[in-house]
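The values are calculated or read from the model by the stated rules, or taken from the named source; none is laboratory data. All values reported here derive from a predicted model rather than from experimental measurement. Here the Cβ is made from the backbone with ideal geometry for all residues, glycine too, and neighbour counts use every protein chain on show. Just so you know, the surface numbers come from the protein's heavy atoms only, side chains and all, with ligands and any DNA or RNA stripped out. Shrake-Rupley method; radii C 1.70, N 1.55, O 1.52, S 1.80 Å.
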Amino acid sequence: MGESTDSRAAVLVDGLRVHLGASRVLDGISLRVAEGETLALLGANGSGKTTLVKALMGLVPVTAGRVELYGSDIGNRRSVPWSRIGYVPQRVNSNPAMAVTAEEVVASGLLTDRNLRPGRRGHGRVMVALDQVGLSGRARESVHIFSGGQQQRVLIARALVRQPDLLVIDEPMSGIDRKSQEALAATLGGLQREGTSIVVVLHDLGVLAPIIERAVVLENGCVVHDGAPPTSGPPSPDQDHFHGQVRGEPPRRTAPAIADGWRGQ
Ligand SMILES: Nc1ncnc2c1ncn2[C@@H]1O[C@H](COP(=O)(O)OP(=O)(O)OP(=O)(O)O)[C@@H](O)[C@H]1O
Ligand SMILES: [Mg+2]
């Protein structure tokens, strides 16, 4: 059963091991994300970041250990409050044979087992979410003609439309231009101020540096740092794993300018 051991945590991971194929990809990860906390997940290519966030979403089999979301064990899927959670994957394989519009993709974020149609109120929320990523003018277009960065922004809107309490987002900054990055940083800053818990996979803090409260660094499937985010300047001896990860300039824009930031792109 999904008995709660820590209902005040948005995420609780304890002794998590994941094997994929012949390899042990995650090796004893323990991690807690408090409600309202913003955490960056860092690490080299192949260190296990995507596998860890997939494990949080129940998308990979767990060999050992436990994952809880809001006090519910993800092994008992029905007990998890999925409607409170938004997830943006690192990659999605799109099928050009299926013409899906941007608004349909975003509306899919509102579907649940019990609610298979977003309805009229849902449509309004879809348009707000598309506006948040600067794509409301392209709602009826097929996502297959969108650029990679635009497709990624549609996926971000699909998570935002859920108005999640916990947002798990895998490398949102890769492949999107600087202006869009700043707009997304403002969006996430606004969510943070509203109390949303955010787990974001990054390679460097970049424009998100001002909102990152804590960093967890993975290496070969293990946590090698859990604490203060990397700061600018040369890494101290115990911060070797931060090499090359320096704070970027804070974004100049703030939350009210969110939608403006995306427009015209
Ligand atoms: N389905 C799979 N079968 C076997 N091995 C896998 C599978 N998926 C991932 N792996 C392996 O798990 C390790 C971690 O992969 P993961 O995608 O979690 O890394 P990552 O930290 O997200 O990397 P990146 O920064 O490149 O996105 C890699 O060595 C990868 O080859
Ligand atoms: Mg990854």
*asked:* Looking at segment 192-204, can you tell me whether even one residue there is charged (D, E, K, R) and either touching a strand residue (DSSP E or B) at 6+ places or on another chain (Cβ under 9 Å) or surrounded by 22 or more Cβ atoms within 10 Å (Cβ to Cβ) (or both)?
replied: yes
*Given (1) modelled with pLDDT of 95 or more; (2) on the phi > 0 side of the Ramachandran plot, where does Leu16 come up short, assuming only one miss?*
(2)
*Are any residues in segment 205-215 part of a strand (DSSP E or B) and either out of contact with any strand residue (DSSP E or B) (no Cβ under 9 Å at 6 or more places or on another chain) or closer than 25 Å to Arg84 by Cα (or both), and if so, which ones?*
Arg214, Ala215
*Select, from Pro229, Pro210, the only residue that is more than 16 Å from ligand 2 (Cβ to nearest atom), surrounded by 16 or more Cβ atoms within 10 Å (Cβ to Cβ) and at pLDDT 50 or above.*
Pro229
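The rows are residues; the columns are (1) near ligand 1 (Cβ under 10 Å from one of its atoms); (2) surrounded by 21 or more Cβ atoms within 10 Å (Cβ to Cβ).
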site: Val11; (1), (2): no, yes
site: His19; (1), (2): yes, no
site: Glu35; (1), (2): no, no
site: Thr38; (1), (2): no, yes
site: Leu42; (1), (2): yes, yes
site: Gly46; (1), (2): yes, no
site: Met57; (1), (2): no, no
site: Val60; (1), (2): yes, no
site: Thr63; (1), (2): no, no
*Residue under evaluation Val92, criteria (1) part of a helix (DSSP H, G or I); (2) open to solvent by 50 Å² or more (accessible area, probe 1.4 Å); (3) under 20 Å from Ala159 (Cβ atoms), criterion not met*: (1)
_Looking only at strands (runs of 3 or more DSSP E) that lie completely in segment 1-81, which have at least 1 residues being within 16 Å of ligand 2 (Cβ to nearest atom) and within 23 Å of Pro172 (Cα to Cα)?_
23-34, 38-43
_Suppose the filter is aliphatic (A, V, I, L, M) and open to solvent by 10 Å² or more (accessible area, probe 1.4 Å); does Val224 pass it?_
yes
*Mind listing whichever residues of segment 161-180 are more than 16 Å from ligand 2 (Cβ to nearest atom) and out of contact with any Leu (no Cβ under 8 Å at 6 or more places or on another chain)?*
Gln163, Pro164, Asp165, Asp177, Arg178, Lys179, Ser180
